[in-house]
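What follows is calculated from the coordinates using simple rules that are stated; it is not laboratory data. All values reported here derive from a predicted model rather than from experimental measurement. Cβ sites come from the backbone with ideal geometry, for glycine too, and all protein chains shown count toward neighbours.
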């Protein structure tokens with residue numbers, strides 16, 4: 001392309017040109033991994049619904065989802081004898097479940113009982129033992145260092161804690177009116193890519209233009225979301241993320257905000273349902289954008305810092321809880337099942353009479369998954385998740 005075309009393309013933030021284009025060498029074939037972080041603590045009880053539990057319906061008089069009923073579009077979709085899927089996800093995630101490319105892990109989370117968004121988010125991103133958290137590095141940064149040759153990317157405004165310690169990891173914001181927003185560190189990385197080439201001057205000018213435009217497009221950071229793109233934005237960007245990860249990157253991280261539903265959460269419709277709908281559409285677009293062959297070589301894990309109170313509150317919402325539900329999806333995921341340790345959903349089995357207990361520690365679950373995906377040795381696994389006890393749920 002000529003200089004003018006290059007400037008216009010870079011100014012418009014076309015990711016395939018700046019980061020994901022095939023001008024770069026494709027890395028050797030290896031499993032692709034994307035971590036999706038739902039910031040704000042989503043209500044997993046209205047995502048993976050324990051419909052067989054009478055206690056569920058008693059504890060949520062206004063926000064509980066209806067038991068399975070033929071012909072009722074607002075009733076949960078049956079997954080097994082105890083669990084159902086929120087109906088708003090039927091179109092986007094239902095087919096993945098049917099193809100056994102989607103699994104859920106209930107009673108998952110951390111041992112952090114602070115119920116603080118920030119503390120628990122940091123704990124998860126760091127991936128360290130609870131009595132030795134230094135936050136000097138993040139578990140995806142350590143994973144990137146151990147694997148090598150697995151280019152990482154963060155779909156975030158700034159470098160997230162989870163990639164700390166991995167050197168210069170590119171980050172691209174999914175906000176800003178649908179345009180890629182580059183911070184100063186990112187702009188420097190991009191400029192270095194074109195240094196000494198015929199496009200060096202054009203790249204510099206284009207990046208400066210992008211920075212000027214970006215100043216007018218940055219959204220106000222929501223505290224619990226830490227600047228994460230909202231669910232609607234994620235739905236619109238799934239294909240774009242797929243382009244980048246298909247052509248160039250193998251380790252990815254994205255955070256999605258807006259899950260702190262204290263007031264008027266809704267049931268089969270409303271605030272939470274809208275977020276789940278957009279999340280499902282974004283994940284489906286990501287899978288479609290990769291294409292079947294690449295999707296078969298990809299694993300996506302969806303996590304949140306904690307779940308929410310099992311009982312609804314006086315404002316028809318839910319408050320900060322503990323245990324939550326993780327999603328694991330991918331073309332070769334051993335899905336179509338509810339995985340991990342479980343207990344009956346009853347008042348007697350709640351933690352502190354309010355929350356799901358954590359029976360599947362996130363460090364142990366992810367360590368087991370990484371061992372199966374990448375064949376990590378005990379020594380390498382200990383670097384990624386120090387002192388974790390890897391649990392093999394045979395999800396891949």
So residue 114 and residue 271, fully extended at 0.36 nm per residue minus their Cα-Cα distance, gain in nm 54.0 nm
By the mean-Cβ-within-10 Å protection proxy, highest first, 355-365, 251-261 rank as 251-261, 355-365
Reduced to Cα centres, the span from the range 349-396 to the range 282-308 in Å works out to 19 Å
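Calculate the FRET efficiency for residue 192 and residue 30 from the Cβ-Cβ distance with a Förster distance of 22 Å, rounded to the nearest 0.05.
On the way: r = 25 Å, r/R0 = 1.13.
It comes to 0.35.
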Counted neighbours (other Cβ, 10 Å), sorted fewest up, put 322, 262 in the order 262, 322
For the range 72-124, the Debye formula with one identical point scatterer on each Cα and no solvent gives log10 I(q)/I(0) at q = 0.12 Å⁻¹ as -0.44
Taking every alpha carbon pair in the range 258-334 and sorting the distances into 5 angstrom bins from 0 up to the bin holding the longest one, the percent per bin comes out as 3, 14, 19, 20, 16, 12, 9, 5, 2, 0
Given 111-122, 239-250, the highest-first ranking by average Cβ count within 10 Å works out to 239-250, 111-122
